[in-house]
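Sharing a structure below in structure tokens format, with a few things to ask.
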Amino acid sequence: MKNKDTYKNKTQNMFTAYVVRSVKGARMKYMDKNNYRESMENHLEDDAEYEPMIHFDDYYEVVRRERLLENEKQGRYPDWEELSDDQLIRAIRLLQKEERDLIFQHVFQQKSFDKISCESGKPRNKLENRYYYALKKIRQWMGGAE
Amino acid sequence: MSFEVILQQAKEGNTQAILEIVEMYKPLIIRNAIVEGFFDEDLYQELIRVVLSCIKRFELLA
């Protein structure tokens, strides 16, 4: 049945889009952490009072959060790839289903608002407003979550 | 077997289904584990972990 096959392909496409963005984000974070570690090693080797950091991972996490907060204070918010899975999943689950679907289509499936508007029959500006309002809610929740 | 069925089984913890899905996405994982022309084993392991996490977190449409 055509509808059933279309639905199954849709599931695989959505999952693939999710995996692609997650892998891209994880690679970006890994590279960032490695670059930071190398820069610290080069810098601290010259420091006579340097003591080896036993828990670099914990230290890096603190630095990363400080950087996020500093950027948000200046109105710069992280890209989807920069958000950790746990925070993002928790925030997205709080949205309404329509908002979740819209974010999924635009972010993970990389569909333009024009295309989503054509497919859903809803006005483009309404979709855009809904999308950016959902992002605002996510940022607020993530800002308040620990 | 359809992808949806395999994914559902993987989410329930079926090892064979999990392995099958990881195999499907292995080219993507390997491509992203190459850094400056060299294969990074640690990054590869991390990306495998990410795919496993995606299997667990992805919600199938009802």
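The values are calculated or read from the model by the stated rules, or taken from the named source; none is laboratory data. Here the structure is a predicted model, which is why all the values come from computation and not from measurement. Neighbour counts run over all protein chains shown; Cβ positions are idealised from the backbone, glycine included. What goes into the accessible areas is simple: the full protein's heavy atoms, side chains included, and nothing from ligands, DNA or RNA. Shrake-Rupley method; radii C 1.70, N 1.55, O 1.52, S 1.80 Å.
With the crude spin-label approximation of a point 7 Å out along Cα→Cβ, what separation in nm comes out for A:Tyr36 versus A:Lys136?
Using points 7 Å along Cα→Cβ, the separation is 3.0 nm.
By per-residue mean of other Cβ atoms within 10 Å, what is the highest-first order of A:101-109, B:11-19? Show your work: numbers first, answer last.
On the way: A:101-109: 18.0, B:11-19: 13.1.
Result, highest mean first: A:101-109, B:11-19.
Report, in degrees rounded to the nearest 10, the 0 to 90 angle that the Cα long axis of helix B:15-24 makes with the longest principal axis of chain B.
With both axes taken from Cα atoms, the answer is about 50 degrees.
How much accessible area per residue does chain B have, in Å², with a 1.4 Å probe?
Values: 3710 Å² over 62 residues.
Value for chain B: 60 Å² per residue.
Same structure again: Using alpha carbon centroids, what distance separates the range B:24-47 and the range A:113-144, in Å?
Here the two parts' Cα centres lie 33 Å apart.
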